[in-house]
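Sending over a structure as structure tokens; questions will come in a sec.
The values are calculated or read from the model by the stated rules, or taken from the named source; none is laboratory data. The structure presented is a predicted model; accordingly, all values stated were derived computationally and were not measured. All Cβ positions, even for glycine, are placed from backbone atoms using ideal geometry, and neighbour counts span all protein chains on display. SASA here: full protein model, heavy atoms, side chains in, ligands and nucleic acids out. Shrake-Rupley method; radii C 1.70, N 1.55, O 1.52, S 1.80 Å.
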Amino acid sequence: SPFPPSFFDRFSQKMVPCTVSCSEQCSCSWDIGQQRICNITVTVENPLGKKTARDVFDVTHRIYPTAPFQLWEECTDTEITLYWKHRNKGIELFCQTEVLQPDGKVELHNSSDMHLHYASITLAGLQPYTEYTARVHCGAAKHFWRWSEWSEARTIRTKEATPSGKLDIWREITPVLRGRNVTLLWKQAPSFRANGRSISYELTWEKVEDGSKPESISFSSVYNSTRISIDNHSYKISIMAKNNVNYSLPSVLIIPRATGRSIFSTEELKEEQVNGTDDGIFISWETRHIYDSYIIDWCNFPMLQPCDLQWKRFGPNTSSTLINSAAFVPGVRYNFHIYGSVANKASLLEKKTGYLRELPPLRDPTVKKVELTFNAVTLSWDSYLTNETQSGFVRGYHVYVSPIQEDCSLKGSKKTYDSVLCKYTIENPEEKRYTVKHLLSNTKYKLVVKAYTGGGETPIVNFMYIDTPFNSNVLYLLVLLVIVPSLVAAVCRWKMKWVKECCCPVIPSPNKSEVLSFKEFKISSEKVLKISDCIPDMLAVDNKAEAQKL
């Protein structure tokens with residue numbers, strides 16, 4: 001290892017009398033008296049050789065101040081004046097203060113130290129009742145060489161101030177007998193700051209028309225909702241935040257007068273379906289120039305009571321937003337109400353309903369009635385729920401049919417499940433009856449009715465089975481074409497003579513008739529009957545000429 005280094009000052013032509021101390025780096029110090037310029041040569045040697053290094057400097061240009069100490073402060077709600085002491089008498093210092101903000105950002109502030117015993121800096125533009133952490137280091141103002149070590153860090157809190165900004169207030173109105181129950185909810189808006197150690201809320205409500213005495217109630221900071229009962233008059237409701245210094249500005253909400261047709265009734269508005277994405281549910285609305293803001297409210301847990309009502313406010317020029325919440329899950333229907341607000345009075349404008357993602361229906365329709373013919377079957381099922389209890393919007397039904405012994409090939413259907421089943425689609429979710437035609441008689445079929453949503457349908461698990469009856473028309477035709485002719489032929493054969501006499505009687509020959517058994521009188525070769533030979537029942541003579549001839 002090398003021998004300890006030696007120092008030689010060329011200006012004084014003397015060896016430097018110092019003891020070297022080495023840990024991470026080597027150092028030594030000595031008294032130079034009134035000497036300002038130093039020309040130092042450092043020599044290090046060992047048995048293998050030696051090395052030298054030389055440096056010429058003015059000692060007034062190589063000042064390394066001691067670290068500031070004994071920090072203290074004076075502060076208001078927005079300013080901190082930080083003081084510190086130092087041991088560098090007679091030296092003008094340039095100091096730098098590092099301030100750690102509440103959000104983790106670091107700011108640096110520069111200042112000059114002209115005092116003999118202490119220095120200071122004023123930090124302005126701070127937030128009330130907020131903690132800041134500061135520390136200081138300094139260097140020579142003239143001929144800066146290097147910073148001193150940092151002082152100890154000091155954490156300082158600014159003083160309290162009046163709460164800034166307003167609370168965000170909203171309501172849910174429920175009509176009751178001779179009045180209304182109003183659930184009031186509030187939260188701290190993004191621009192609101194408590195500016196104090198403790199905070200409470202003061203809620204006030206009063207009638208708008210008759211100027212009656214206001215009612216009020218106070219809540220601690222752990223509360224963010226309450227319920228009040230009011231009559232059917234118009235009411236002004238306001239809420240303020242309070243700390244140890246003062247009240248915030250009031251947030252005001254007007255509840256209009258209740259009428260026969262309630263202004264908060266939602267029955268008149270048609271509900272529009274909206275689509276969800278992985279990031280949330282997209283909501284859009286039509287803007288109206290009369291409103292100065294818009295509010296959307298919804299329930300995070302629509303199947304529970306209370307449902308955790310949430311709301312968001314938007315400016316007059318906003319017409320769409322993506323609503324997201326950690327509480328949103330697939331298969332749950334969320335209902336959104338869109339209000340327009342002017343002069344602190346809100347009116348319902350639109351209703352939307354949608355899913356983060358639709359899922360298949362929870363259950364299948366229950367077939368209650370089956371009507372069979374030899375070539376058709378009519379299925380009827382119970383009224384199927386299409387409301388918010390479903391895990392998706394029910395778009396319609398699928399009827400699947402197939403013979404037991406073979407694949408399906410029915411007319412008017414689509415093949416599915418590898419051409420094994422025939423599928424019929426019913427696109428009306430309100431339909432509760434369907435007839436499958438073109439079946440074969442005397443055949444066993446399997447059937448199932450499935451509801452489907454935007455999320456599809458559940459797999460087929462259970463079928464119902466039917467047997468189509470024998471086609472009676474074929475039997476009738478068989479009777480007409482085979483049995484009846486056979487019976488007729490048998491009867492005809494059995495009663496041949498009678499049938500022949502009835503159907504084909506023998507035509508008598510005139511020559512064998514007894515009418516002609518009279519004395520012969522011939523004219524040419526024909527027998528002629530004389531009138532005198534018989535007495536006729538009636539004689540008709542056509543004309544005289546013929547009679548005279550006879």
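State the number of lysine pairs found in region 156-242 whose Cα atoms come within less than 21 Å, restricting to pairs 8 or more positions apart or on distinct chains.
Step by step, the pairs that qualify in region 156-242 add up to 8.
Additional query: Treating the beta-carbon of each Lys and Arg as +1 and of each Asp and Glu as -1, no other charges, what is the dipole magnitude of region 394-460 about its Cα centre, to the nearest 20 debye?
It works out to roughly 160 debye.
Rank TRP494, TRP147 by accessible area, highest first, at a 1.4 Å probe radius?
TRP494, TRP147
Roughly how many debye, to the nearest 20, is the charge dipole of region 256-357 about its Cα centre, given +1 on each Lys and Arg Cβ, -1 on each Asp and Glu Cβ, and no other charges?
240
For region 57-102, max minus min Cα coordinate along each principal axis, in Å, sorted largest first?
If we take the Cα atoms of region 57-102, the spans are 48, 20, 14 Å.
So, in Å, what gap is there between the alpha-carbon centers of region 284-302 and region 429-448?
Using only Cα atoms to place each centre, the spacing works out to 47 Å.
Report Rg/Rh for region 41-179, rounded to two decimals, where Rg is the Cα radius of gyration and Rh the Kirkwood radius.
That ratio is 1.37, to two decimals.
Sticking with this structure for a sec: Just reorder VAL367, VAL329 by solvent-accessible area, largest first, 1.4 Å probe, all chains present.
VAL329, VAL367
Using a 1.4 angstrom probe on heavy atoms only, work out the carbon and sulfur share of the accessible area of region 332-420 in %.
47
Once every Cα of region 321-406 carries one equal point scatterer and solvent is ignored, give the base-10 log of I(q)/I(0) from the Debye formula at q = 0.17, 0.23, 0.26 Å⁻¹, two decimals.
Results for region 321-406 at q = 0.17, 0.23, 0.26 Å⁻¹ read -0.88, -1.17, -1.30.
Taking only protein heavy atoms into account and a 1.4 Å probe, give the accessible area per residue of region 96-206 in Å².
54
Round to the nearest 0.05 the FRET efficiency obtained for ASP31 and GLU74 when R0 = 35 Å and r is the Cβ-Cβ distance.
Once rounded, the FRET efficiency stands at 0.30.
Would you mind computing, in nm to one decimal, how far apart the modelled labels at VAL370 and MET538 are, each placed 7 Å from Cα along Cα→Cβ?
A separation of 7.6 nm, rounded to one decimal place.
Work out the FRET efficiency for ASP467 and LYS270 from their Cβ-Cβ distance, taking R0 = 56 Å, and round it to the nearest 0.05.
It comes out at approximately 0.75.
Give the relative contact order (percent, whole number) for region 19-60; include only Cα pairs under 8 Å separated by 6+ residues.
32
Can you compute the FRET efficiency between THR458 and ASN181 using 1/(1 + (r/R0)^6), with r the Cβ-Cβ distance and R0 = 60 Å? Round to the nearest 0.05.
Taking R0 as 60 Å, the efficiency between THR458 and ASN181 is 0.90.
Just name one of GLY211, THR155, PRO175: the one whose Cα is farthest towards the positive end of the charge dipole of region 151-254 (beta-carbon charges, Lys/Arg +1, Asp/Glu -1).
Value computed over the given set: THR155.
Excluding ligands, DNA and RNA, what is the solvent-accessible area per residue of region 224-304 at a probe of 1.4 Å, expressed in Å²?
57
Roughly how far apart, in whole Å, are the Cα centres of region 116-146 and region 75-102?
Comparing the Cα centres of region 116-146 and region 75-102, I get a distance of 3 Å.
Would you please name the trypsin sites (Lys or Arg not before Pro) within region 410-451 that are DSSP coil residues with at most 10 other C-beta atoms within 10 Å of their C-beta?
Sites meeting the loop and neighbour criteria: LYS411.
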